[in-house]
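Single-structure report; data block below.
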Amino acid sequence: MSVTAFSAVALLLSYGIFRLQGHLPFNPQHLPGVPPALSWNTSVSFVTNTNWQAYSGETTMSYLSQMGALAVQNFLSAAVGIAVAVALIRGFARRGSKTIGNFWVDLVRGTIYVLLPIAFVAAIVFIAQGALQTLAGPVPIHDALNGVRQVIPRGPVASQETIKQLGTNGGGFVNANGASPFENPNGLTNLLSAALMMCIPVGLTYTFGKMVGSIRQGAAILAVMVIIFAGWLAIGSVAEHQANPAVAAAGVTYQPVGNMEGKEVRFGDTSSALYNIVATQTSTGAVDSAMDSYTPMGGFATLTGMMLGEVSPGGTGSGLYTILPFAIITVFIGGLMVGRTPEYLGKKIQAREVKLAAFGVLVMPITVLVLAAIAVSVHAGRAGPLNAGPHGFSEILYAFTSVTNNNGSAFGGISVDTAFYNVVTTFGLLLGRFVIMVPVLALAGALAAKEPVPASAGTFRTDQPMFAGLLIGVILIVGALTFFPAVSLGPIVEQLSHGRFF
């Protein structure tokens, strides 16, 4: 109740700021209030830690909206994710307890002790490397060489850039996101961005092991995350290191090594693929290159990485509280194999726990497939993609996979600032956040009330490679069974149309 009430209030406050920004201070561009549908969609997006952006930040949001609504929600939505993850860990760690902690205490601790200090130090590094940080307005310049007048956007960019990465939020101050030198000046900030995205989701596995009294348990979860991440990084980086088949088909005889279409020269194809794979695997959604210009298999890597449930390592808090229900299903399957009641960390896994875990795992794929089916079935949905055929379908499928997984990235070839997409994507944003979070908290409460049972010779060890391998299998099978038919109609058939798979 505390989580949902806090999120509802945060949503309404953000909505009010967006609608009234034309009458509020820190608006040097004198931007008007944001339209109702876009205000609602953006408020839901940032409160759910998704940061799905159907607008260009530099031409839509005032500095007050950027700082007082978006940046604040970057901190608070990340802290909510940490609080829920810690509550679930307490469910395993506590014995016969009627509570799983105090949400408000956890929210403050996550914000004050974790997010603010790291973001503050990282922002100084970004500023030192050339990222913008000012309250001054845009700068008009005259380009004498080309005879045109340009307006260069400015603003408090660096401070928002660091929390967008650290909190696995991903929303950019400007439309170009991490491809803009104002947000991401050079290779060092590019690498630092990837480190910021990974540090809290990875670090929470140690927190898990520490709180349950066995670092090996956290190491087993981390190993699963690392193996899945490495596999998808290999697919994405190899695919983007190939020549672009569309450029070759256009008759261009010379191509640089790797697919450089839609990428910044200062990063190259490999670093760009690393950044975007990290962003999609951590539910951040930030980009430093145009994923719509990726090769079909490069797009496959970013798309299917989200379809596994954002667990490798997933978002701030959400990665851990999503992979642990998978772990419960895994020990249930292991218990069936050995013919005894399954246990995880000394807690018996019974019908109620399995149902809650299965519900939490299946909400995302059901929501994605239903919303994507609606979009391709109506004219308003089909009008969004700018490409026909398999790639156009990939753009739609990617959009709903992204919003439901609290990711926020997109194949930029889809136009989503329409009444249809602003309304329908909101369902994915809310369901993908709270309809997973609520059963996770219910699961935490059910586990906390249980007394632990002593391990025996028949106990399925969950800190061993066998458990890690079985958990990987469960995650991959769930993703493959639910999404393979849809993915086959998108990036796979698009890749095969080029006459080769890699």
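The values are calculated or read from the model by the stated rules, or taken from the named source; none is laboratory data. Being a predicted model, the structure only gives us computed values, none of them experimental. Note: ideal-geometry Cβ built from the backbone for every residue, glycine included; neighbour counts use all protein chains shown.
The table that follows gives values for the structure above.
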{"read-out": "Cross-chain or 6+ apart pairs with Cβ under 8 Å, region 457-470 first and outside any loop (DSSP other than H, G, I, E, B), then among the polar types (S, T, N, Q)", "value": "467/330; 470/330"}
{"read-out": "Filter result (modelled with pLDDT under 95 and among the charged types (D, E, K, R)) within region 203-246", "value": "240"}
{"read-out": "Residues of region 279-303 satisfying the condition of being polar (S, T, N, Q) and surrounded by fewer than 24 Cβ atoms within 10 Å (Cβ to Cβ)", "value": "293"}
{"read-out": "Single residue of 118, 124, 100 found to be in contact with a Lys or Arg (Cβ under 6 Å, 6 or more places away or on another chain) and either at positive phi or among the aliphatic types (A, V, I, L, M) (or both)", "value": "100"}
{"read-out": "Which listed residue is part of a helix (DSSP H, G or I) and in contact with a Lys or Arg (Cβ under 7 Å, 6 or more places away or on another chain), from 480, 446, 442", "value": "446"}
{"read-out": "Residues that are free of Cβ contacts under 8 Å to residues at least 60 places away in the same chain and part of a loop (DSSP other than H, G, I, E, B), drawn from region 144-180", "value": "144, 145, 146, 147, 154, 176, 180"}
{"read-out": "Selected residue (criterion: farthest from the chain's Cα centre (by Cα)) from residues of region 265-283 that are modelled with pLDDT under 95 and among the β-branched types (Val, Ile, Thr)", "value": "265"}
{"read-out": "Boolean, residue 52 is assigned to a helix (DSSP H, G or I), of a type in the set (Phe, Trp, Tyr) and under 23 Å from residue 12 (Cα atoms)", "value": "no"}
{"read-out": "Matching residues, region 274-303, being of a type in the set (Val, Ile, Thr) and touching a Ser or Thr at 6+ places or on another chain (Cβ under 9 Å)", "value": "277, 278, 280, 282, 284, 287, 302"}
{"read-out": "Scope region 13-31; condition free of Cβ contacts under 8 Å to residues at least 24 places away in the same chain and within 27 Å of the chain's Cα centre (by Cα); matching residues", "value": "16, 19"}
{"read-out": "Residues located in region 373-390, provided they are closer than 11 Å to residue 421 by Cα and without any contact (Cβ under 8 Å) to a residue 24 or more places away in the chain", "value": "382"}
{"read-out": "Residue among 33, 16 that alone is farther than 15 Å from residue 406 by Cα, assigned to a helix (DSSP H, G or I) and modelled with pLDDT of 95 or more", "value": "16"}
{"read-out": "Positions within region 181-221 being buried (at least 24 other Cβ atoms within 10 Å of the Cβ) and either part of a loop (DSSP other than H, G, I, E, B) or charged (D, E, K, R) (or both), in sequence order", "value": "183, 184"}
{"read-out": "Where a residue in region 343-361 is farther than 22 Å from residue 476 by Cα and its partner, wherever it lies, is modelled with pLDDT of 95 or more and among the aromatic types (Phe, Trp, Tyr), with Cβ under 7 Å and at least six apart", "value": "345/92; 347/92"}
{"read-out": "Enumeration of residues in region 326-357 that are more than 30 Å from the chain's Cα centre (by Cα) and in a strand (DSSP E or B)", "value": "343, 347, 348"}
{"read-out": "Criterion: free of Cβ contacts under 8 Å to residues at least 12 places away in the same chain and not hydroxyl-bearing (Ser, Thr, Tyr) - qualifying residue of 339, 298, 309", "value": "339"}
{"read-out": "Verdict on residue 82 being in contact (Cβ under 8 Å) with a residue 60 or more places away in the chain, on the phi < 0 side of the Ramachandran plot and not in a helix (DSSP H, G or I)", "value": "no"}
{"read-out": "Count - residues of region 474-502 that are of a type in the set (Gly, Ala, Ser) and without any contact (Cβ under 8 Å) to a residue 60 or more places away in the chain", "value": "3"}
{"read-out": "Residue within region 412-425 that is buried (at least 20 other Cβ atoms within 10 Å of the Cβ), polar (S, T, N, Q) and touching a residue at least 60 places away in the same chain (Cβ under 8 Å) present", "value": "yes"}
{"read-out": "Which listed residue, of 128, 78, 122, 144, is closer than 24 Å to residue 183 by Cβ and over 22 Å from the mean Cα position of the chain (by Cα)", "value": "128"}
{"read-out": "Candidate set: region 41-65, residues that are in contact (Cβ under 8 Å) with a residue 60 or more places away in the chain and either of a type in the set (Gly, Ala, Ser) or in contact with a Phe, Trp or Tyr (Cβ under 6 Å, 6 or more places away or on another chain) (or both); chosen: the one surrounded by the fewest Cβ atoms within 10 Å (Cβ to Cβ)", "value": "56"}
{"read-out": "Index of the failed condition, residue 153 passing every other in (1) surrounded by fewer than 19 Cβ atoms within 10 Å (Cβ to Cβ); (2) of a type outside the set (Gly, Ala, Ser); (3) touching a Pro at 6+ places or on another chain (Cβ under 6 Å); (4) at pLDDT below 95", "value": "(1)"}
